[in-house]
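Engineer: Dumping the structure here so I can ask a few things about it.
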Amino acid sequence: MSVDKTSEETMKAREVEAKAKKEAEEAKARLDKAVGEVNKAGEDETRAREDVEKAKVRGKEAAEEVKRASETQAKAQKVFEQAAKERAKREAEEAKARAKKEVEEAKEKERKAAEEAKRAAEAQAVAKKEAEQAAKERAKREAEEAKARAKREAEETKAKEKRVAEDTEARVVTSKVYNGLVELMLSSPVDYERVRRFEESLTQIKDLRLVLVGGSFEGGTKIVVFAEKSVPLFNMLAGLPPVERVVAKENGIEVTLKAKQ
């Protein structure tokens with residue numbers, strides 16, 4: 001039963017109750033009137049008796065009408081109470097349904113919140129793992145870079161020390177002076193023309209005399225010179241046009257001639 005239907009029945013019940021009450025009042029009024037007529041009929045007994053009988057009949061009818069009105073009123077009251085009970089029951093069921101729905105919605109919210117918390121925890125764990133992995137990789141990379149840098153710096157330091165040593169040795173060698181017989185060893189292979197030009201260049205050096213030229217193609221050419229006084233022979237040889245490189249040896253000086261052009 002819908003709310004509109006219940007309201008309609010309630011209104012009808014009230015209308016019936018009001019009608020019954022009105023009929024009861026009218027019946028009572030008629031009864032009072034009949035009683036008045038009975039009192040008035042004292043002068044004419046016959047007429048009074050007839051009126052009494054009529055009044056009795058009307059009184060009986062009025063009593064029946066009162067009874068019917070009471071029954072109608074009781075029925076209307078019962079209908080009204082039944083409608084009130086049904087409305088209260090319906091409202092209770094609706095309240096119960098709303099409460100159940102709210103409980104289900106609260107459970108669903110709680111479930112979603114738990115899922116979101118779980119996802120957040122998983123994401124946090126993944127982020128932590130990735131951060132730890134990135135930190136490890138960064139530490140490893142930094143360690144490798146530091147190792148490579150240390151190795152590079154060590155190599156650079158070693159190369160620098162070597163250059164310093166070579167520069168020092170070169171300064172010592174280039175500043176060395178020679179006196180007397182000195183053996184010049186030409187790196188092989190060399191051809192006759194280049195040896196001849198080198199010999200001509202030697203003759204241009206002051207206080208230096210060419211003593212001996214010898215050797216073989218496989219073993220290289222050896223030239224012996226004589227320095228009449230102390231001269232910086234190393235620097236002098238390095239400055240000659242045919243010479244590519246000069247290296248000081250224990251038993252003399254090794255000379256590499258420039259390639260044939």
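The values are calculated or read from the model by the stated rules, or taken from the named source; none is laboratory data. Computed from a predicted model, the values in this text were never measured in an experiment. Ideal geometry is used to build each Cβ from the backbone, glycine not excepted, and the neighbour counts take in all protein chains shown.
Here is a yes/no grid of residues against (1) touching a helix residue (DSSP H, G or I) at 6+ places or on another chain (Cβ under 8 Å); (2) surrounded by 13 or more Cβ atoms within 10 Å (Cβ to Cβ); (3) in a helix (DSSP H, G or I); (4) in contact (Cβ under 8 Å) with a residue 40 or more places away in the chain:
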{"site": "GLY59", "(1), (2), (3), (4)": "yes, yes, yes, no"}
{"site": "GLU64", "(1), (2), (3), (4)": "no, no, yes, no"}
{"site": "GLN73", "(1), (2), (3), (4)": "yes, yes, yes, yes"}
{"site": "VAL79", "(1), (2), (3), (4)": "yes, yes, yes, yes"}
{"site": "LYS101", "(1), (2), (3), (4)": "no, no, yes, no"}
{"site": "GLU104", "(1), (2), (3), (4)": "no, no, yes, no"}
{"site": "ALA114", "(1), (2), (3), (4)": "no, no, yes, no"}
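Engineer: Then there is this: It is to be established whether one or more residues within segment 82-97 are more than 30 Å from ALA13 (Cβ to Cβ), part of a helix (DSSP H, G or I) and of a type outside the set (Asp, Glu).
Structural biologist: no
Engineer: Among the strands (runs of 3 or more DSSP E) lying completely within segment 177-236, list those that include at least 1 residues that are within 15 Å of GLY252 (Cα to Cα) and among the charged types (D, E, K, R).
Structural biologist: 178-186, 220-231
Engineer: Also, I was wondering about something else. Looking at SER188, SER230, SER175, which one is loosely packed, with under 15 Cβ neighbours inside 10 Å, modelled with pLDDT under 85 and in contact with a strand residue (DSSP E or B) (Cβ under 8 Å, 6 or more places away or on another chain)?
Structural biologist: Only one candidate qualifies: SER188.
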